[in-house]
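Have a look at the structure below, then the notes.
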Amino acid sequence: VFDPGVVHVHPDDNVVVATRPLPAGTALALPRGRLTLRDEVDAGHKIALADLASGVQVIKYGQPIGVVTQDCAAGAWVHSHNLATELRD
């Protein structure tokens, strides 16, 4: 069971989405244990579930949405500062 502070839709997702603002240091309960947030994360923003190396595709809701542009540790905020979108109009 995932923490109620995040949404995890698809088993292939390597990020979860915050359902409310979460401060850095928040410990989230996840099926494989706890994940501690490295950064403050606003509602609707993504959090890395595992270490993501630069160039790795980000999967959200079962769909690829972009690639990380720098290494992201588990618990890191994933957003425009470290994600190049692959979404198209």
Computed for the chain: size of charge dipole around the Cα centre, +1 on C-beta of each Lys and Arg, -1 on C-beta of each Asp and Glu, debye to nearest 20, value 180 debye
GNM result for the chain, Cα springs below 10 Å: residue of VAL56, VAL17, VAL68 fluctuating most strongly: VAL56
Compute the relative contact order of the chain as a whole-number percentage, counting only Cα pairs closer than 8 Å that sit 6 or more residues apart in sequence. 26 percent
Using all Cα-Cα distances in the chain, what percent lands in each 5 angstrom bin from 0 up to the longest? 3, 16, 28, 27, 19, 6, 1, 0
Return the single residue from LEU30, LEU49, LEU22 with maximal mean-square fluctuation; model: Gaussian network over the chain, springs between Cα atoms under 10 Å. LEU30
Dipole check, the chain, charges on Cβ (K,R +1; D,E -1), about Cα centroid: among ALA29, HIS79, SER54 the Cα furthest to the positive pole belongs to ALA29
Note to self: with every protein chain in place and a 1.4 Å probe, the chain gives an accessible area per residue in Å² of 56 Å²
Under a point spin-label approximation (7 Å from Cα along Cα-to-Cβ), what is the VAL9-ARG38 distance to one decimal in nm? 2.5 nm
Of all the accessible heavy-atom surface of the chain, with the other protein chains kept in place and a 1.4 Å probe, what percent is carbon and sulfur? 51 percent
Stokes-Einstein diffusion coefficient of the stretch 46-89, Kirkwood radius over Cα pairs, 25 °C, 0.890 mPa s, in µm²/s: 241 µm²/s
If the elastic network links every pair of Cα atoms under 10 Å, which of ALA76, ALA48, ALA24 fluctuates the most in the Gaussian network model of the chain? ALA24
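The values are calculated or read from the model by the stated rules, or taken from the named source; none is laboratory data. Not measured: the values here are computed from a predicted model. Note that each Cβ is placed from the backbone with ideal geometry, even for glycine, and that neighbours are counted across all protein chains shown. Heads up: the accessible areas ignore ligands, DNA and RNA and are worked out on the full protein's heavy atoms, side chains in. Shrake-Rupley method; radii C 1.70, N 1.55, O 1.52, S 1.80 Å.
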